[in-house]
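Since the structure comes first, as structure tokens, the remarks are kept for the end.
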Amino acid sequence: MALAASPRALRTALPAWVLVAGAVTVQILYPLTPAPLRTSVTVLSVAVFFLAAVADVVRVHGTRGGLVLLGVAGGGGLVAESVGLATGWPFGAYAYTGTLGAEVAGVPLVVPMAWAMMAWPALVVGRALARRGAGTVAVGAFALAAWDVFLDPQMVDAGHWVWARPDPGLPLVPGIPLTNYAGWLVVSLLIVGTLHRALPGGPRRSGPAAALYLWVYASSVLAHLVFFGLPGSALAGGVLMGLVAVPYALVLRRDRAAHRPGTRHRGAHDSAAHGSAARHPGGHGPHVRPGGTL
């Protein structure tokens, strides 16, 4: 979150924050939209969320970072989905119903955009909650895959895709096979692992990424429970995605408390270590302020 942010850092982060606000606004409007228009709002929601994630990764890692996110998460998601459609692996046999707009290799373009829009926040969550590379990838992959406990039931209920063999599934979440979640975890491990290696030295904190991830978690619980009539996925997703979202929120809260005026910091040694990491390759890099980022 915003820790000792300079005016220049605030200006740099402004495009990402504007797009975050846009994504939140569109998602708030979704359940209030007449049913015939909801598919268009779904596509718009993903597009704005996707642009917010790209803007944030560009802010942190530069244009190259944005291209890496597009290639690894967007391209990787497209390949995984097209293989899944053709072979049933790794998700299980399913088919899109043609309601989500333009397609490539049978996959709606909005789908790889969705992979990319959540891959960056998930990586930031992994970096915040784990210290080592393998742990970062594992936590980030789970943070990404757990989101599908909300996504799939909502999209199936809306008629955007169907499963050939929907059982066995998670308790309280009928109609979605367990193979789907296993496939999501496998693909998420590959995507997050590749992003972590391709974008080294990234921040353990990012305000826009944090806002996107925690908004998706909280709003999904509320929407499934109140607006979509899916209490089972509200509970299952609330628990599973909450395994990372709740600790992540607590870490951010602790950091904000630690950086309030008058609060004693951990010490000069930590500050020196952060400063060194920011100055040398493999550290935080020139886009990140020591001790955190917007």
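The values are calculated or read from the model by the stated rules, or taken from the named source; none is laboratory data. Worth saying up front: this structure is predicted, and the values here are computed from it rather than measured. Here the Cβ is made from the backbone with ideal geometry for all residues, glycine too, and neighbour counts use every protein chain on show. These accessible areas exclude ligands, DNA and RNA; they are computed on the full protein's heavy atoms, side chains included. Shrake-Rupley method; radii C 1.70, N 1.55, O 1.52, S 1.80 Å.
The single condition from (1) more than 30 Å from P31 (Cα to Cα); (2) hydrophobic (A, V, I, L, M, F, W, C); (3) in contact (Cβ under 8 Å) with a residue 12 or more places away in the chain that L144 fails is (1). Quick one: would you say D152 is surrounded by 20 or more Cβ atoms within 10 Å (Cβ to Cβ) and at pLDDT 95 or above? Spelling it out, D152 is indeed surrounded by 20 or more Cβ atoms within 10 Å (Cβ to Cβ) and at pLDDT 95 or above.
So, in segment 31-57, of the ones that are open to solvent by less than 30 Å² (accessible area, probe 1.4 Å) and hydroxyl-bearing (S, T, Y), which residue ends up nearest to V226 (Cα to Cα)? Taking the candidates together, the pick is T33.
Pick out the one residue from V104, V60, V72, V139 that is open to solvent by 20 Å² or more (accessible area, probe 1.4 Å) and more than 20 Å from L190 (Cα to Cα).
Numbers: V60 fails: open to solvent by 20 Å² or more (accessible area, probe 1.4 Å); V72 fails: more than 20 Å from L190 (Cα to Cα); V139 fails: more than 20 Å from L190 (Cα to Cα).
Answer to the selection: V104.
Of all the numbered requirements in (1) closer than 20 Å to L199 by Cβ; (2) surrounded by fewer than 19 Cβ atoms within 10 Å (Cβ to Cβ), I28 misses one, and that requirement is (1). Among the conditions (1) over 19 Å from A119 (Cβ atoms); (2) open to solvent by 20 Å² or more (accessible area, probe 1.4 Å), A13 misses just one, which is (2). Restricting attention to segment 250-259, the residues that are part of a helix (DSSP H, G or I) and either open to solvent by 60 Å² or more (accessible area, probe 1.4 Å) or at positive phi (or both) add up to 4. Only one entry of V137, V124, V111 meets the criterion of being outside any strand (DSSP E or B) and either without any contact (Cβ under 8 Å) to a residue 40 or more places away in the chain or more than 28 Å from L214 (Cβ to Cβ) (or both), and that entry is V111. Taken over segment 84-97, the residue count meeting the criterion of being surrounded by 17 or more Cβ atoms within 10 Å (Cβ to Cβ) and more than 13 Å from A164 (Cα to Cα) is 0. For L37, the conditions (1) within 16 Å of V110 (Cβ to Cβ); (2) within 21 Å of the chain's Cα centre (by Cα) all hold with the exception of (2).
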